[in-house]
Each structure stands twice: as C-alpha cells, then as structure tokens.
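Reviewing the structure listed below.
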Ligand code: MN
Ligand code: MN
C-alpha cells in the first residue's frame, strides 16, 4: 500500500489542502440532507445544469453535452451530463448519500416537566446514543403550513444563536448508570432536548412551554399544532474542522456520507465534453435502508433517464432498460478505517482501509458471510484498476472489519438490481457515525481524483 502523502509534491500538497478547505465549507453548510440538496443544486446550476422539469414543461430538446438535474422532494438530487454516445450504451454513475445519523423531533415534540421545557426525539440511523449527551447541538428544520408555505428553521450555527443539549448524569450520582451496557446507558425515549426554563408571566400550568410557544410564534409564526407537519433534525453544533498538528485530517459531523457526495459532485461538475453519459446520484435515506420516495429504492432515477431519452426524441422502454443494464457504477460510501485504538476489530493482513492510503474499494460489504452485499465482479475491478493507474490515483482495498464482528451495506445492491456493474468505493473514516467523524485529507482528495477519472474514462 502506498502512503499518498509520500507521493505529493509541495504543489500537490497545497492542492490537497485547498480542496479540503472547500470540502470543509460544504460540511459546515450542509448539515442536513435538505441543505446539501440546496447547496448541490446551486453549485450545479453554476456549471450549466438545468432543472429537467423545466425542460419537460417547455418541450425542449436535449442533445449531447447538455446537463440536467432532478430535485427529488428537496432531499435527493440526480445530475445527468449527456455524452456523445447513445444513452442506451450505458452511463457512468457515481452514487453517494447525503443523509447522516442524527436525532429527529417527534410529531408532538414539546413538553414541560418540573419547570423545564423539552423537545422529545427519535434517533435516525445507527448511533451510539451516549455520544450525543452533554454536547452543544443545533436544530434545523422545515415547518409546512396549511396555506402551502414553508418556514425554514435553523437555530444554533449562526453567530449569536443559542444551542441546545441533552443532559448527562454527573459521575457522583452515576453508580447505577455506570453498570449499564453502552446500549442501555440512555434509553431512546430519554433523549430529550432541554430547550427552555423561563415561565410565561401570566400562566399557571405549563408556563415554560407556553413561553416557548410564544417565542416560536414571534420568531417563526408557528403554532404548536404546526409541528405535525414539520421535520426537525438535531445535529452537532458547529463547523467542520481541519484536524491534527499537520492539518492532515478533517473532523466533522456528517462525513458519512457527505465526503463521498461532495467528491462525487465535484468530479461530476469538473468534466469537459464526455463520450459516455454520466450521472451523479446524491440520495437520502441510506442510513435507514434507502427506503421511501427519496431513497435509492425509489425509481426517480430510472424515470429521469426515461425523461432524458424522451427529450432527445429517442425514448423507448427498452432503451431505458439497456441504459441501466449497460451502466458502470461506483457506489461511493465510507468504509471503516483501521484505528490502532481498536485494532482487534480490524481485518488482518492489509485488508483494512488505512488513513492516507487513498480511495478504498470494497469488493463486497454485508455481514455474516457477505449477507446483503453487492459482491463486485473481478472483470469490472480490472477495468477500474487500469483507469486509476492511468490517472495516478492512489487507492486501496478494504473489508468493513473483522469478519465476525458485524458489517453494513450501501446503495450498491440497489443499483446492481438493474444488472449494471457496481462496486463500493469510499473514504475510510475513524469514529464513523459518531457526532464527529475523522477522515484523511489525502483520501478525500484521491476520492475526487478517482471519481473524476472514472466518469471520464470508464467504458
Ligand atoms: Mn454511509
Ligand atoms: Mn452510515
């Protein structure tokens, strides 16, 4: 395995650092899937991408080198850059997810107990609940009103904003708590966000809650009943950080999988004219099984290909199927990096991704004997090896960890259902799914380089 840092000239090292500055900015601004969706679409527009719904409405014609995007319910986005070859010959697809583990508010979140007001939460994705205690948290969300308008809420990350927290028990009184396993350390239903403590003046019962409602009415014009048509996410407070004395790493919330989303996006946007059509899928709901209309199981991407073919005057059902089956895909999602502090769960003998050793490929993921995995074909891997060698990409392979310790999955198997070639590839993280995850800047940079070479040259 090659340590990427050893290969860089001073100029390249600067490029790595500069690229990661833009990545850090993306992480700081895109703390929910909705905010990522907005950021991605704004950026894509600047590179000439147009909303496919406008193309459809105006009965416009699409031709090679045109670029379109599809916004799926403000939570997922697909980009297509049409190549010179017929689309039925297949696309080069990079896919990643923009949802991250977090705490969501329940439908009736607001309650008062013992003179304090709280928001009740329901966690989203695989978290270690104890990691979210006694740390500053920010609140993001949308409230959809009956008149059809939507109120955006973001509290915590702007200068001067208050933050929130879920309290933990002081060690002095924790003798019972400390005997519990980490899974039972705090119950999901006790993950209550403390939000206020001042009672409204002229109220007897639930006076603090009343005061919260007054504040919400004043700031956002919303009533308690409006929470039922709202979606709120609680995420760690603050910006993404450059980490390490040598600035070689990124410490930030949401790197699973915004690291692959961002690198895939930039790789897509920086393309000049293409032979094969390219697509980037930046999708929601991966952390809970890729379900629902905005997850990868939804058929919006297939429909988008049909719409593009139609706008080119070339639609048939068979062509859509051929386009999908003849495609090549990189399912870009993070893998677990070898962590010397937890070496016992690493896969032995160079089968574990390591910081600074480039983009990590996982031929298969899954758990308990590859269950639920897309096991990629060696014929395809050979093709990719050649592309990456020619583009001087530094890459490695990775298992998810020690065979019997567990595992996981990505969107790879869903794309593979169309009969296309798919492999998992991504940046290796330490502390994956923790409120702050750690990555290597060299790996982030190599990921972008690899995705770019793949989009341009895979055929
Ligand atoms: Mn992921
Ligand atoms: Mn994940």
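The mean sequence separation of alpha-carbon pairs under 8 Å and at least six residues apart, normalised by the residue count of region 274-336, gives a relative contact order of 16 percent.
Bridges between two residues of the chain, per DSSP, are antiparallel at a rate of about 70%. For region 138-226, treating each Cα as an identical point scatterer without solvent, what Debye log10 I(q)/I(0) comes out at q = 0.24, 0.25 1/Å? Debye curve over Cα of region 138-226, log10 I(q)/I(0) at q = 0.24, 0.25 Å⁻¹: -1.24, -1.28. Nearest 10 degrees, 0 to 90: what angle lies between the long axis of helix 441-457 and the longest principal axis of the chain (Cα atoms)? Compared with the principal axis, the helix lies near 40 degrees. Estimated from helices alone, the mean residue ellipticity of the chain at 222 nm is -8500 deg cm²/dmol (sum of -39500 (n - 2.57) over DSSP H runs with n ≥ 4, per residue).
Label-to-label distance for residue 382 and residue 229 is 5.8 nm, based on points extended 7 Å past Cα in the beta-carbon direction. Cα centroid distance between region 326-362 and region 119-169, in Å? Using only Cα atoms, the two centres lie 31 Å from each other. When each of 357, 97 is scored by the number of other beta-carbon atoms lying within 10 Å, the sequence from fewest to most is 357, 97. Here the translational diffusion coefficient of region 350-406 follows from Stokes-Einstein with Rh set to the Kirkwood radius across Cα pairs; for 25 °C and 0.890 mPa s it amounts to 199 µm²/s. Between the helical axis of 33-46 and the longest alpha-carbon principal axis of the chain there is an angle of about 40 degrees. Short-range pairs are left out: with C-alpha atoms under 8 Å and at least six residues apart, the relative contact order of region 264-309 is 21 percent.
Computed from label points 7 Å out along Cα-Cβ, the spacing between residue 342 and residue 51 is 4.2 nm. Summarising the label geometry, the points placed 7 Å from Cα in the beta-carbon direction at residue 391 and residue 108 lie 5.3 nm from one another. Sequence-distant contacts, meaning Cα pairs under 8 Å at least 6 residues apart, place the relative contact order of the chain at 22 percent.
Ordered by the count of other Cβ atoms within 10 Å of each Cβ, fewest first, 395, 5 give 5, 395.
Global size of the chain: 23.2, 74 Å for Rg and Dmax (C-alpha atoms, Rg to one decimal, Dmax whole).
The Cα center of region 390-459 and the Cα center of region 70-118 differ in position by 19 Å.
Ordering 31-42, 419-430 by mean Cβ neighbour count within 10 Å, with the highest value first, yields 419-430, 31-42. When you count the other C-beta atoms within 10 angstrom of each residue and take the mean per peptide, 362-373, 199-210 line up highest first as 362-373, 199-210. If you line up the long axis of helix 10-29 against the longest principal axis of the chain, both from Cα atoms, how many degrees apart are they, to the nearest 10? Between the helix axis and the principal axis of the chain, the angle is about 50 degrees.
Annotation: extensible slack from residue 371 through residue 220 equals 49.7 nm (criterion: 0.36 nm per residue apart, minus Cα-Cα distance). Summary of packing: across the peptides 70-77, 436-443, the per-residue average of other C-beta atoms within 10 Å ranks them, highest first, as 436-443, 70-77.
A short reminder: the numbers here are calculations on the coordinates, not readings from a lab. The structure presented is a predicted model; accordingly, all values stated were derived computationally and were not measured. As a convention, Cβ positions derive from the backbone with ideal geometry for all residues, glycine included, and neighbour counts pool all protein chains shown.
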